[in-house]
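Student: Quick one: this structure, given as C-alpha cells, is what I'll be asking you about.
What follows is calculated from the coordinates using simple rules that are stated; it is not laboratory data. Please read all numbers here as calculations on a predicted model, not as lab measurements. With ideal geometry, Cβ positions are generated from the backbone for all residues, glycine too; neighbour counts draw on all protein chains shown.
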Amino acid sequence: MDALQMLGCARDEFGRRLRAASFDLACATPCEDWDVRDLVQHVIAGNRMAVVMLAGDSRDDVDAARRAITSRDQLGADPVGAFVESADAQAAAFARPGALETTCHHYVGDIPGTQLLGFRIADLTLHAWDLARAIGDDETLDDDLVAWVYEAMAPLAPTISQTGLFGDGPSATPPNDVPLQARLLDLTGRRP
C-alpha cells in the first residue's frame with residue numbers, strides 16, 4: 001500500500017473505534033491527562049490542521065489557524081460526524097496534485113507534505129489503539145499499517161523520549177519474537 005492508502009487505513013482504524021457502540025467521552029485513555037473527549041478533539045484538530053498546512057498558507061496564518069482550531073470544541077453534538085468531515089477534508093487535501101511536495105509550517109518546523117502525511121498516519125494509528133484501550137474495544141491494529149508506522153518511527157528510537165510526545169518513549173529493545181504491534185506501542189511509550 002502507498003502512503004495515501006495507509007492514511008485511509010489509519011482513518012478506518014480510528015473511525016471504527018469511534019463508531020463503537022456506546023462509550024463515555026469522559027473515559028480515561030492511555031494518553032496522560034487525556035480522556036476520550038480530549039483524544040478525539042486532538043485527532044479532529046490534527047486532521048483540520050493538516051488541511052490548513054497543505055493549503056500553503058504563511059506561517060503566521062497557520063499559527064493563527066492552529067490557535068483557533070485548538071481553542072474550540074471540535075466534537076460538537078456529533079463526534080463521529082465531526083471526525084468523518086475532518087478526515088474527508090484531510091484525505092482530499094493530501095490527494096490534491098502537488099500536496100506531498102508542499103512545504104508545511106508545522107509546529108516542529110517546516111516539513112514537506114510527505115512528512116506531514118507520515119505524521120498523520122502515525123497519529124491516527126496510535127490513537128486508534130489508545131481509543132480502543134479506553135473504551136474496551138478490540139485493540140488489534142491492521143498488520144500492514146502497524147508495519148508501515150513502525151518502519152517510519154523505528155529510526156527515532158534513540159531520541160523519541162526527548163520529544164515529550166510519547167511519554168517515556170521505548171522501555172528497551174524488545175526481543176524479535178515480540179509481535180510488531182507490541183514493539184510499536186512500546187516504542188511510542190505505550191505499555192499495554
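Student: Please arrange M1, M49 by counting, for each residue, the other beta carbons lying within 10 Å of its beta carbon, fewest first. Intermediate values should be presented prior to the final figure.
Tutor: Details: M1 13, M49 22.
Lowest count first: M1, M49.
Student: I've got another one for you. Shape verdict for the stretch 1-71, please, from the Cα gyration tensor: rounded (a/c under 1.5), prolate (a/b greater than b/c) or oblate.
Tutor: On the way: a/c = 2.90, a/b = 1.32, b/c = 2.20.
Oblate.
Student: Apply the Karplus curve 6.51 cos²θ - 1.76 cosθ + 1.60, θ = phi - 60°, to the phi angles in the stretch 101-115 and return the couplings in whole Hz, x for Gly and Pro.
Tutor: 9, 5, 7, 9, 8, 8, 5, 7, x, 6, 9, x, x, 4, 6
Student: Y107 to R59: extension gain in nm, 0.36 nm per residue of separation minus the Cα-Cα distance?
Tutor: On the way: separation 48, 0.36 × 48 = 17.28 nm, distance 0.95 nm.
Contour length minus the Cα-Cα distance gives 16.3 nm.
Student: Just from its helices, what would the mean residue ellipticity at 222 nm be for the chain, if runs of 4 or more DSSP H residues each count -39500 (n - 2.57) and the sum is divided by every residue, rounded to the nearest 500 deg cm²/dmol? Intermediate values should be presented prior to the final figure.
Tutor: Details: 7 runs with 107 residues, N = 192.
So the calculated ellipticity at 222 nm is -18500 deg cm²/dmol.
Student: How do 50-57, 6-13, 24-31 rank on mean C-beta neighbours within 10 Å, highest first? Before the final figure, lay out each step's value.
Tutor: Numbers: 50-57: 19.6, 6-13: 21.4, 24-31: 16.0.
So the order, starting with the most tightly packed, is 6-13, 50-57, 24-31.
Student: Taking N as the number of residues in the chain, what is its Cα Rg relative to 2.2 N^0.38 Å? Mind dumping the intermediate values first?
Tutor: Values: Rg = 16.1 Å, N = 192, 2.2 N^0.38 = 16.2 Å.
So the chain has a normalised radius of gyration of 0.99.
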